[in-house]
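These notes concern the structure reproduced below.
The values are calculated or read from the model by the stated rules, or taken from the named source; none is laboratory data. A quick note: this is a predicted structure, and the numbers were derived from the prediction, not measured. Cβ placement follows ideal geometry from the backbone for every residue including glycine, while neighbour counts extend to all protein chains displayed.
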Amino acid sequence: MADAVSLTFPDGSVRGYAAGTTGREVAESISKSLAKKAIAIALDGELRDLSDPVVTGRLEIVTREDARALELIRHDTAHVMAEAVQELWPGTQVTIGPVIENGFYYDFAKNEPFTPDDLPKIEKRMKEIIQRNKPFTKEIWPRDKARQVFADKGEAYKVELVDAIAADQDLKIYYQGDWFDLCRGPHMASTGQIGNAFKLMRVAGAYWRGDSNNPMLTRIYGTAWRTQEELDQYLHILAEAEKRDHRRLGREMDLFHFQEEGPGVVFWHGKGWRVFQTLVAYMRRRLAGTYQEVNAPQVLDKSLWETSGHWGWYRDNMFKVTVAGDETDDERVFALKPMNCPGHIQIFKHGLKSYRELPIRLAEFGNVHRYEPSGALHGLMRVRLHAGRRACVLYRRANGGRVPAHQRPDPVGLSGLRVQGSRRQAVDPSGKACR
Ligand SMILES: [Zn+2]
């Protein structure tokens, strides 16, 4: 047959099918029970709808036992949550609803933001929608139709999303009953396949497209699992983590506190500071004999930060310091250091150095200040003042710029040691000038 499709199954067997055969039909050809359990197919490893026609390649029939089922369950649950919300609060606009680690969220445009009290009501309606067990079906729409339909429904955000899809890409609409959403898919066969192992977790505010110049949307986070046991276990782990939340321990054990006048800066209490100093002492022992410990100023003239590049790139994240008195005519602008290294460079530059002294390893338990958006502050994990355990290794370039192994930074393995805040240097933009 010229139009035959050749499928290779996980057990290595190969079977031919007529062109246009769907994943569901393939599952039925294997066994009735498999077809019943099937929620999707994977073609050459890529998840697709059960209703998609198969093409020549490696085919797997995906069931709930498959680890990839989680992704499908969470995605479908997000759609069901959006339907529930629009049923309960007509006129609410849906925006985007991706799957994330351990769950999903959906952002809604609604005049009155959701409150935690709304969640049980939404969950109840979601269970009803799941019970209705409507099939997920897919349509490909022309761009103009999609724009028109969403515009007529008052879904301005969806119109924006339609416009953002590349011209050469299909515009897919997934239905569950009468409710539909613009979506890349894939989905399971019907809402009934979701099951009831889900829970709505919390509400939050989120800017449209993550941009603070855009309108604030209202977000609902949820989690969904294959079985009730999986859900229970996840909730148990969360509860245990909550008991050990460092912010809670800090309060209960009288280690530290935060207060309104100092957003993102820590008031260390006696016991907490002892823990802190014990860690510092441990690090000093590890540094001894390898690094010279130095200490550079906390406040330095703006010109130095211009040279280092921080002023140009990261000024928005820096604290500016000027003289407070009225009588002084000193109008110099200083900044609190956001990073230790520029200070280390000054120490290195001071006086003549011989290449024989290289590599020079400098370490500092310096305090660095960075202006973090207030929404990003999180206990000791995300602060505005942190002790930057910073080591600079100044070495001589040789071998075409490659650094010999013995001269590489961190020969004592301090990168495994983390004091508050240092972990986030990998993602902090102000770290880039100094890597
Ligand atoms: Zn979707």
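For the subset of the range 124-171 comprising residues that are charged (D, E, K, R) and in contact with a Gly (Cβ under 9 Å, 6 or more places away or on another chain), which member is farthest from Ala40 (Cα to Cα)?
Restricting attention to the range 124-171, the residues satisfying the condition of being charged (D, E, K, R) are 124-125, 127-128, 132, 134, 138-139, 143-145, 147, 152-153, 155, 158, 160, 163, 168, 170.
Within this subset, residues satisfying the condition of being in contact with a Gly (Cβ under 9 Å, 6 or more places away or on another chain) are 132, 134, 138.
On the way: Arg132: 20, Lys134: 16, Lys138: 14 Å.
If we take residues in the range 124-171 being charged (D, E, K, R) and in contact with a Gly (Cβ under 9 Å, 6 or more places away or on another chain), then Arg132 is farthest from Ala40 (Cα to Cα).
Return the total of residues in the range 174-190 being within 10 Å of the ligand (Cβ to nearest atom) and part of a strand (DSSP E or B). Step through it out loud before you land on a result.
So in the range 174-190, the residues within 10 Å of the ligand (Cβ to nearest atom) come out as 174, 181-187.
Narrowing the set further to residues that are part of a strand (DSSP E or B) leaves 174, 181-182.
So the answer is 3.
Could you please let me know if Ala167 is among the small types (Gly, Ala, Ser), farther than 23 Å from Phe108 by Cβ and within 16 Å of the ligand (Cβ to nearest atom)?
Numbers: among the small types (Gly, Ala, Ser): yes; farther than 23 Å from Phe108 by Cβ: yes; within 16 Å of the ligand (Cβ to nearest atom): no.
In short, no.
Looking at (1) among the β-branched types (Val, Ile, Thr); (2) away from the ligand (no atom under 13 Å from the Cβ); (3) closer than 23 Å to His187 by Cα; (4) surrounded by fewer than 19 Cβ atoms within 10 Å (Cβ to Cβ), which is the only condition Ile130 fails?
Unmet for Ile130, out of (1) among the β-branched types (Val, Ile, Thr); (2) away from the ligand (no atom under 13 Å from the Cβ); (3) closer than 23 Å to His187 by Cα; (4) surrounded by fewer than 19 Cβ atoms within 10 Å (Cβ to Cβ): (4).
To keep it simple, each residue is scored yes or no on (1) under 19 Å from Arg384 (Cα atoms); (2) loosely packed, with under 14 Cβ neighbours inside 10 Å.
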{"position": "Ala239", "(1), (2)": "no, yes"}
{"position": "Asp245", "(1), (2)": "no, yes"}
{"position": "Glu252", "(1), (2)": "no, yes"}
{"position": "His257", "(1), (2)": "yes, no"}
{"position": "Gly262", "(1), (2)": "yes, yes"}
{"position": "His269", "(1), (2)": "yes, no"}
{"position": "Trp273", "(1), (2)": "yes, no"}
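Restricting the search to the range 86-127, which residues are surrounded by fewer than 16 Cβ atoms within 10 Å (Cβ to Cβ) and within 16 Å of the ligand (Cβ to nearest atom)?
Once the filter is applied, which keeps residues that are surrounded by fewer than 16 Cβ atoms within 10 Å (Cβ to Cβ) and within 16 Å of the ligand (Cβ to nearest atom), the range 86-127 yields Pro98, Ile100.
Looking only at the range 285-303, filter to residues that are without any contact (Cβ under 8 Å) to a residue 40 or more places away in the chain and of a type outside the set (A, V, I, L, M, F, W, C); which one of those is surrounded by the most Cβ atoms within 10 Å (Cβ to Cβ)?
The selected residue is Lys302.
Counting just the residues of the range 159-174 that are of a type in the set (A, V, I, L, M, F, W, C) and surrounded by fewer than 10 Cβ atoms within 10 Å (Cβ to Cβ), which one comes out nearest to the chain's Cα centre (by Cα)?
Filtering the range 159-174 down to residues of a type in the set (A, V, I, L, M, F, W, C) leaves 159, 161-162, 164-167, 171, 173.
From the residues that got through so far, the ones that are surrounded by fewer than 10 Cβ atoms within 10 Å (Cβ to Cβ) too are 164, 166-167.
Numbers: Ala164: 22, Ala166: 25, Ala167: 28 Å.
It comes out as Ala164.
Surrounded by 17 or more Cβ atoms within 10 Å (Cβ to Cβ) and within 13 Å of the ligand (Cβ to nearest atom) - does that describe any residue in the range 35-52?
Taking every residue of the range 35-52 in turn, at least one turns out to be surrounded by 17 or more Cβ atoms within 10 Å (Cβ to Cβ) and within 13 Å of the ligand (Cβ to nearest atom).
Looking at (1) more than 16 Å from the ligand (Cβ to nearest atom); (2) at pLDDT below 95; (3) not β-branched (Val, Ile, Thr), which one does Lys199 not meet, given that it meets all the others?
For Lys199, the exception is condition (2).
Based on what the data block shows, is Gly222 small (Gly, Ala, Ser), in a strand (DSSP E or B) and either surrounded by 12 or more Cβ atoms within 10 Å (Cβ to Cβ) or within 16 Å of the ligand (Cβ to nearest atom) (or both)? Quick ask: steps written out before the conclusion?
Values: small (Gly, Ala, Ser): yes; in a strand (DSSP E or B): yes; either surrounded by 12 or more Cβ atoms within 10 Å (Cβ to Cβ) or within 16 Å of the ligand (Cβ to nearest atom) (or both): yes.
It is true that Gly222 is small (Gly, Ala, Ser), in a strand (DSSP E or B) and either surrounded by 12 or more Cβ atoms within 10 Å (Cβ to Cβ) or within 16 Å of the ligand (Cβ to nearest atom) (or both).
Rundown of residues vs (1) outside the structural domain of Phe136 (by TED's automatic domain parsing); (2) without any contact (Cβ under 8 Å) to a residue 40 or more places away in the chain; (3) closer than 30 Å to Thr115 by Cβ, yes/no style:
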{"position": "Ser13", "(1), (2), (3)": "yes, yes, no"}
{"position": "Val26", "(1), (2), (3)": "yes, yes, no"}
{"position": "Lys37", "(1), (2), (3)": "yes, yes, no"}
{"position": "Leu47", "(1), (2), (3)": "yes, no, no"}
{"position": "Ser51", "(1), (2), (3)": "yes, no, no"}
{"position": "Ala82", "(1), (2), (3)": "no, no, yes"}
{"position": "Val85", "(1), (2), (3)": "no, no, yes"}
{"position": "Pro90", "(1), (2), (3)": "no, yes, yes"}
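With Glu60, Glu28 as the choices, which residue is closer than 24 Å to Glu139 by Cα, at pLDDT 95 or above and touching a helix residue (DSSP H, G or I) at 6+ places or on another chain (Cβ under 6 Å)? Write out each step before concluding.
Working: Glu60 fails: touching a helix residue (DSSP H, G or I) at 6+ places or on another chain (Cβ under 6 Å).
Being closer than 24 Å to Glu139 by Cα, at pLDDT 95 or above and touching a helix residue (DSSP H, G or I) at 6+ places or on another chain (Cβ under 6 Å) holds for just one of Glu60, Glu28, which is Glu28.
So, of the residues in the range 62-85 that are of a type outside the set (Gly, Ala, Ser) and either in contact with a Cys (Cβ under 6 Å, 6 or more places away or on another chain) or farther than 22 Å from Lys134 by Cβ (or both), which turns out to be nearest to the ligand (Cβ to nearest atom)? Even if it seems obvious, please write down each step before you answer.
Taking the range 62-85 as the starting set, the residues that turn out to be of a type outside the set (Gly, Ala, Ser) are 62-66, 68, 70-77, 79-81, 83, 85.
Filter once more, keeping what is either in contact with a Cys (Cβ under 6 Å, 6 or more places away or on another chain) or farther than 22 Å from Lys134 by Cβ (or both): 65-66, 68.
Details: Glu65: 23, Asp66: 19, Arg68: 16 Å.
The extreme case among them is Arg68.
Looking at the range 95-116, can you tell me whether even one residue there is of a type in the set (Val, Ile, Thr) and within 23 Å of Asp152 (Cβ to Cβ)? Give the steps one after another, and end with the answer.
Of all residues in the range 95-116, those of a type in the set (Val, Ile, Thr) come to 95-96, 99-100, 115.
Keeping just the survivors that are within 23 Å of Asp152 (Cβ to Cβ) gives 95-96.
Within the range 95-116 (the criterion being of a type in the set (Val, Ile, Thr) and within 23 Å of Asp152 (Cβ to Cβ)), the answer is yes, since at least one residue qualifies.
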